[in-house]
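In what follows, a structure is listed as structure tokens, so that the remarks can point back to it.
The values are calculated or read from the model by the stated rules, or taken from the named source; none is laboratory data. Worth saying up front: this structure is predicted, and the values here are computed from it rather than measured. Ideal geometry is used to build each Cβ from the backbone, glycine not excepted, and the neighbour counts take in all protein chains shown. Accessible surface areas use protein heavy atoms only, side chains included; no ligands, DNA or RNA. Shrake-Rupley method; radii C 1.70, N 1.55, O 1.52, S 1.80 Å.
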Amino acid sequence: MQGATQARRYRLQGAGLDLALPYLMLAPGLMIVLGVLVYPLWDGLRASTRVYRYGSPVADAGFQNYLHLWSDAQFLNALWVTVKFVALSVSFEAVLGFALALFCLHEFRGIRLLRTVLIIPMVITPVVVAIVFRLIYASDAGMLTALSNAMGGGEVQILGNPLNAFIGLVVLDVWEWTPLMFLILLAGLQSLPHEPFEAARVDGAGAWRVFADLTFPMMRPVLAVAIVLRAIDAFGTFDQVFVLTRGGPGEATRLISIYGYDTAFKFQQTGYAAALFVTIGLVVLALAFSAIRLLRRIDAS
Amino acid sequence: MSSRLARILTTVFILAVVLLPIYWLVSTSLKSNREITQEGTLYPHVPTLDNYIRLFTEKQFGSYLTNSLVVTFFSVAIALIVGAMGAYAIARFRLPFAAERKVGLFLLTLRIIPPVVILIPVYLLMLSLGLLDSWLGLIATYTAFNVTFCVWMMESFFREIPVDLEEAAMVDGDSRFGAFRRITLPLAAPGLAATAIFAVLVTFNEFLFALALTATPRAMTMPRGTATLIGRIDTDWASMAAAGVIGALPIVFFALLVQRHLVRGLTMGAVK
């Protein structure tokens with residue numbers, strides 16, 4: 001069957017000018033991707049082995065830039081802050097998104113409004129999301145301070161305090177991206193087969209048993225994919241931090257992307273920054289592909 | 001009865017968590033700075049549109065909006081045309097070295113790498129081409145990002161359309177490309193729409209490359225312009241809030257308009 005359709009597909013290639021058609025159709029896209037994505041990737045690799053001064057290469061550095069990373073306390077701190085940020089944000093988003101999806105699985109009045117409203121946080125420009133939260137956290141004019149004043153309290157300090165600023169950033173991310181987790185998991189729940197659940201109901205299984213024995217195991221693949229996708233994205237978070245805290249106070253919210261950006265554009269250490277980004281790219285790729293392999297194995301068993 | 005009450009309370013709570021921050025943004029944008037810092041009111045007692053007027057008369061928000069619309073339109077349109085053709089070639093033809101089967105993995109790899117990784121070389125590339133601070137530089141960059149995404153999405157849509165329809169059209173005298181253009185493309189229109197919507201969303205909201213590649217209102221996009229404005233005015237909360245509203249309004253409006261397609265595009269990848 002597979003062979004027959006394959007054969008027909010190839011016969012369709014025809015003769016004459018049509019023989020060149022696949023290449024003509026592929027060429028424009030390929031040129032753009034090679035020119036603006038693949039060439040820069042290669043160029044970035046090259047830049048990472050050089051020393052730059054005022055934007056031009058002045059010396060070969062070999063692997064020095066890469067070795068230097070692991071004795072750079074600021075790099076290690078940025079890496080640690082990023083890992084903490086991704087782990088905390090994505091865990092909260094998965095739990096809350098799952099709970100919301102279970103809540104919305106059964107139709108009820110107001111659910112359409114709820115779904116519509118939940119789209120808003122994730123489509124708003126990330127820069128604007130950061131503005132929204134600056135207006136909430138600001139110690140003089142923020143919503144938290146205004147509410148606290150209305151209840152007789154005093155100023156609320158968020159962005160001036162390292163721990164609070166970090167928590168504030170996680171809260172922002174959870175607010176912005178829980179809806180995506182919710183939508184993916186809701187689509188997953190809706191695509192589950194009905195029969196096992198009906199059988200469980202006939203057997204009189206309680207809500208918790210149904211969740212632990214049926215819903216959760218069946219949802220594990222979708223949940224895993226959603227978490228991996230979200231974690232990859234969260235690892236590259238930049239816009240929100242750039243506008244909310246610019247990495248501060250101190251280095252409390254300085255994610256790896258912010259540190260890399262500053263290294264390249266503020267401190268003009270082009271080669272070192274390139275090595276940093278190549279390392280990040282490799283780390284994310286390695287994590288993503290091992291996650292995909294793990295998923296395949298779960299699928300197979 | 002009590003479970004219904006719990007359901008209503010939960011719904012109201014979720015709505016409040018999502019909408020209160022947005023309410024605060026809009027309400028702050030309608031206050032004067034004096035009202036914001038000195039009176040700390042919970043809603044605008046003396047509503048004013050001054051903050052918005054100032055954005056367009058003094059802060060060049062008209063140019064930012066134009067730049068964003070031009071750049072988004074062209075990079076999405078070009079990527080859709082180019083990407084649909086590429087996706088079709090991969091979905092239907094046999095290529096040397098069985099390349100059509102490897103493209104998927106290649107595109108997935110490109111998508112997983114965080115964009116920030118190629119920020120520096122893309123900056124150097126645009127610098128050497130003299131395309132910094134121009135529409136063309138941004139359009140080229142965003143088109144490349146969108147092409148990978150379009151090919152990735154469209155390939156599966158094309159595979160779902162039966163080959164027989166094209167064969168029939170060719171028997172009736174269509175050329176190979178004619179069969180694609182007249183038969184397959186219209187059938188894939190819903191898929192094209194979902195792809196386009198997602199690309200518009202991501203492109204309009206993009207900030208990192210706009211930050212590195214543009215420097216003046218000549219090419220700055222909405223997110224870039226907004227971030228610059230609030231970088232300069234640390235305590236002008238009223239302008240900041242108005243800029244936030246103006247920056248988000250077009251894309252939120254667009255998203256709510258095309259809601260159904262959007263949800264499909266967002267969730268398809270994961271469940272598939």
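Tabulated results
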{"item": "Area accessible to solvent at residue A:68, 1.4 Å probe radius, in Å²", "result": "90 Å²"}
{"item": "Whole-percent carbon and sulfur share, accessible surface of the stretch B:13-82, 1.4 Å", "result": "73 percent"}
{"item": "The stretch B:240-258-the stretch A:176-190 distance, computed between alpha-carbon centres (Å)", "result": "22 Å"}
{"item": "Loss of accessible area when A meets B, both sides summed, Å² nearest 100, probe 1.4 Å", "result": "8200 Å²"}
{"item": "Burial order of peptide ranges B:140-149, B:98-107 (average beta-carbon count within 10 Å, highest first)", "result": "B:140-149, B:98-107"}
{"item": "At 0.692 mPa s and 37 °C, Stokes diffusion of the stretch A:66-300 via Kirkwood alpha-carbon radius, µm² per second", "result": "163 µm²/s"}
{"item": "Debye log10 I(q)/I(0) for the stretch B:172-265, one point scatterer per Cα, at q = 0.10, 0.22 Å⁻¹", "result": "-0.44, -1.07"}
{"item": "Radius ratio Rg over Rh of the stretch A:204-251, counting only Cα atoms, Kirkwood formula for Rh", "result": "1.34"}
{"item": "Loop trypsin sites (Lys or Arg not before Pro), the stretch A:219-301, which have at most 14 other Cβ atoms in a 10 Å radius of their Cβ (DSSP)", "result": "A:246"}
{"item": "Inverse mean reciprocal Cα-Cα distance (Kirkwood Rh) of the stretch B:91-198, Å", "result": "16.4 Å"}
{"item": "Candidate aspartates and glutamates - alpha carbon under 16 Å from residue B:102, same-chain residues fewer than 8 apart omitted", "result": "B:155"}
{"item": "Residue among B:207, A:280, B:150 farthest towards the positive dipole end of the protein assembly as shown, charges placed on Cβ", "result": "B:150"}
{"item": "Proportion of all alpha-carbon pairs of the protein assembly as shown beyond 41 Å (%)", "result": "28 percent"}
{"item": "Most fluctuating residue given options B:132, B:165, B:201, as computed from a GNM of chain B linking Cα atoms under 10 Å", "result": "B:165"}
{"item": "Förster radius 30 Å - calculated FRET efficiency between residue A:64 and residue B:111, Cβ distance, rounded to 0.05", "result": "0.45"}
{"item": "Cα gyration tensor of the stretch A:208-301 - equivalent ellipsoid semi-axes, whole Å, descending", "result": "36, 18, 7"}
{"item": "Distance histogram in 5 Å bins (all Cα pairs of the stretch A:153-263, percent per bin)", "result": "2, 10, 16, 15, 12, 10, 9, 9, 8, 5, 4, 1, 0"}
{"item": "J(HN,Hα) series, the stretch B:185-193, from Karplus relation 6.51 cos²θ - 1.76 cosθ + 1.60, nearest Hz, glycine and proline x", "result": "4, x, 5, 8, 3, x, x, 4, 5"}
{"item": "Ordering of B:168-181, B:41-54 by packing [mean C-beta count within 10 Å, highest first]", "result": "B:168-181, B:41-54"}
{"item": "Kirkwood Rh, Cα atoms: Rg over Rh of the stretch B:52-271", "result": "1.05"}
{"item": "For the stretch B:43-114, size of Cβ-based charge dipole, Lys and Arg +1, Asp and Glu -1, in debye", "result": "480 debye"}
{"item": "Neighbouring partner chain Cβ atoms per residue of A:19-25, average, 10 Å criterion", "result": "6"}
{"item": "Whole-Å semi-axes of the ellipsoid equivalent to the stretch A:16-64 (Cα gyration tensor, √5λ, descending)", "result": "38, 10, 7"}
{"item": "Neighbourhood charge, 11 Å Cβ-Cβ cut-off, centred on residue A:271 and excluding it, Lys, Arg +1 and Asp, Glu -1", "result": "+2"}
{"item": "Cut-off under 5 Å, modelled amide H: who pairs with residue A:52 long-range", "result": "A:58, A:270, A:271, A:272"}
{"item": "Chain B: calculated mean residue ellipticity at 222 nm from DSSP helix runs of at least 4, using -39500 (n - 2.57)", "result": "-24500 deg cm²/dmol"}
{"item": "Charge dipole magnitude, Cβ of K and R +1, D and E -1 - the protein assembly as shown, Cα centre, debye nearest 20", "result": "760 debye"}
{"item": "Where labels lie 7 Å past Cα in the beta-carbon direction, separation of residue A:147 and residue B:58 in nm", "result": "3.2 nm"}
{"item": "Estimated distance in nm for a label pair at residue B:50 and residue A:19, the labels positioned 7 Å out from Cα along Cα-to-Cβ", "result": "7.5 nm"}
{"item": "Reciprocal mean inverse distance between Cα atoms of the stretch B:1-48 - Kirkwood radius, Å", "result": "12.5 Å"}
{"item": "Pair residue A:38, residue A:161: separation of 7 Å Cα→Cβ label points (nm)", "result": "5.3 nm"}
{"item": "Shielding score for A:33-45, defined as the mean number of other chain Cβ atoms within 10 Å", "result": "6"}
{"item": "Mean projected area in nm² (Cα convex hull; one quarter of hull surface) for the stretch B:1-105", "result": "14.7 nm²"}
{"item": "Cβ-Cβ FRET estimate between residue B:26 and residue A:198, R0 fixed at 45 Å, reported to 0.05", "result": "0.45"}
{"item": "Span-like helix ranges in chain A, DSSP H, alpha carbon extent 20 angstrom or more, Kyte mean at least 1.6", "result": "A:73-104"}
{"item": "Bins of 10 Å from zero: percent of alpha-carbon pairs in the stretch A:30-163", "result": "9, 17, 24, 25, 16, 8, 1"}
{"item": "Number of partner chain Cβ atoms within 10 Å, mean per residue of B:239-245", "result": "4"}
